[in-house]
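Right, one structure below, let's go through it.
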Amino acid sequence: MIEINIGAAVESGGVELGRIEQVILDRNTGEVTHLVVRHGGALHSRHIVMPLNWITSSDSERVVIERNESELEDLPNFEMRHYVSLDRLDEEQWEHPRSRIRPTDWINYLVPLIANAFGDPLHTPGVVVTDQLLSATESAIHRGMAIVSDDEQKVGELLELLVTEPEMRFSGLIIAHGLITVRAVHIPADWVETIQHDRILLNRSYEQVESWIESKAGEG
């Protein structure tokens, strides 16, 4: 069993090379395929896609790989950003349906628009769109995602993913549960109904989840 604490250090030879930001999960197969790792300093950090099979060991604080920093630097970026003129925006969204426009990117529209208003024909209004390196069946899971029951009540927030070896299949969640007294609770993988952008929906009611948690606490 591999324990992936989102936010844990990625280490090689006792040296920290980055931090886990997200976990990539194939929703169809249940296979955890990659980790999104923040690598580099505060001013020049990158979010890179690291294969899960690079991990040789893990615990709640770190995952260990046997790779050097140059190999990490050669990995692809998780997000790719490119400029698209407004007359191609519909086409871009058709070609890349996961593309999104961030609020801060609208400056790329306003500046050319103002330039055009002053008679500068060389600046075509456009925006910067961002694509994530995901297939249509993959989801990016991050720490703090809301865990929600099938009756739309929040039961906790995501802390960790559990992965079986050697298949590297998703086997469960560790969530933070409680308001005043917060405890880490295991949620089985087959309780997960849907993974959305900012939350994970369960196929159990709030009452069922609470009963499960209380029964496990009683066993302890």
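No lab work stands behind these numbers, since they all come straight from the coordinates. All values derive from a computational prediction rather than experimental measurement. All Cβ positions, glycine included, derive from the backbone under ideal geometry; neighbour counts span all protein chains shown.
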* Structure fact -> Treating only Lys and Arg (+1) and Asp and Glu (-1) as charged, each at its beta carbon, one finds that the range 2-73 has a dipole about its Cα centre, in Debye to the nearest 20, of 220 debye
* To do: Obtain the nm distance between the two label points defined at VAL182 and VAL15 by a simple spin-label model: each point lies 7 Å from its Cα along the Cα-to-C-beta direction.
  => 3.3 nm
* **Calculated Rg and Dmax of the range 1-61 using C-alpha coordinates, Å** => 11.8, 37
